[in-house]
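Notes to accompany the following structure.
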């Protein structure tokens, strides 16, 4: 496939494996990624992970605020296909129509389920037992194009969003390389999505990170692992924000929801709707992530009976 000329569009870490596989197997003539961001107190410039790979490999790079800004430039370039993966913006019809082999997208779900920007987080938060990767032709909608290929993976109970993210990124890269020859030879599938079964994976917002102990054990457990290691769920304890990293749970009858039921050497146990959430690892505000036993070493007063907000 070295003669296949590709323009790649992507931004976050999830896209890196896909881009590296394209570089290894195809001719990547250009990369399009989001503009640089200023981060931290000093407002230092931060490259996207995809930009770092493009710079490392001396690939032509575009970072438009809107894709329409580079339409005339892309129109004059020699390429066969556009491949996108977590780019961050919809691709306008004018650009979708440019390449002879079309525009395809690597999406981290089994479409039409979990269309949108946070399919990996939402798969775990929503309690899915399986998810996967879909490669699809792009249209003007949000992940609504025809399906070319897909592959699924089991979501085990101990899997957090970081683990699933890494597995799906590798899976997506491998599936893409297996799928591209079929697109080139016009032997690939083109399956219409059934919109009746569509679900949506909205971007994670601040309110999605806050734990509500009026929920059931399993829902809270899924929320914590579905947000770890990024961006992490949180609680307010003694007027301090604490990020929650790891937990277990037990079902039992409880007296009052949202209070610390007990504290052991290795866990802080908080009552929820149908049991107790056992917090085993956390990150206090402004401090490093740590096991609960290390956190408790710095606590002088008892936590038992304190309300968690």
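The values are calculated or read from the model by the stated rules, or taken from the named source; none is laboratory data. Treat the numbers as computed from the prediction; the structure is a model and nothing was measured. With ideal geometry, Cβ positions are generated from the backbone for all residues, glycine too; neighbour counts draw on all protein chains shown.
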message: Quick test for you: out of 153, 135, pick the one residue that is surrounded by fewer than 18 Cβ atoms within 10 Å (Cβ to Cβ) and either in contact with a strand residue (DSSP E or B) (Cβ under 7 Å, 6 or more places away or on another chain) or part of a loop (DSSP other than H, G, I, E, B) (or both).
response: 153
Qualifying position, being out of contact with any strand residue (DSSP E or B) (no Cβ under 8 Å at 6 or more places or on another chain) and part of a helix (DSSP H, G or I), among 172, 162, 127, 141: 162
message: Looking at 18, 95, 82 in this structure, which one is more than 25 Å from the chain's Cα centre (by Cα), modelled with pLDDT of 95 or more, within 26 Å of residue 201 (Cα to Cα) and surrounded by 13 or more Cβ atoms within 10 Å (Cβ to Cβ)?
response: 95
message: Which numbered condition in (1) closer than 23 Å to residue 9 by Cα; (2) in contact with a helix residue (DSSP H, G or I) (Cβ under 8 Å, 6 or more places away or on another chain); (3) surrounded by fewer than 19 Cβ atoms within 10 Å (Cβ to Cβ) is the only one that residue 169 fails?
response: (3)
task: Output yes when any residue across region 232-240 is over 23 Å from the mean Cα position of the chain (by Cα), buried (at least 17 other Cβ atoms within 10 Å of the Cβ) and free of Cβ contacts under 8 Å to residues at least 40 places away in the same chain, and no when none is.
output: no
Region 30-48, residues that are outside any strand (DSSP E or B) and without any contact (Cβ under 8 Å) to a residue 40 or more places away in the chain: 35, 36, 40, 41, 42, 43, 47, 48
task: State which residue is nearest to residue 307 (Cα to Cα) when the search covers only region 260-269 and only residues that are crowded, with 17+ Cβ neighbours inside 10 Å and out of contact with any helix residue (DSSP H, G or I) (no Cβ under 9 Å at 6 or more places or on another chain).
output: 260
query: Looking at (1) farther than 26 Å from residue 185 by Cβ; (2) out of contact with any helix residue (DSSP H, G or I) (no Cβ under 7 Å at 6 or more places or on another chain), can you tell me which one residue 57 breaks?
result: (2)
field: For residue 254: the one exception among (1) outside any strand (DSSP E or B); (2) more than 19 Å from residue 121 (Cβ to Cβ); (3) at pLDDT 95 or above; (4) touching a strand residue (DSSP E or B) at 6+ places or on another chain (Cβ under 7 Å)
entry: (3)
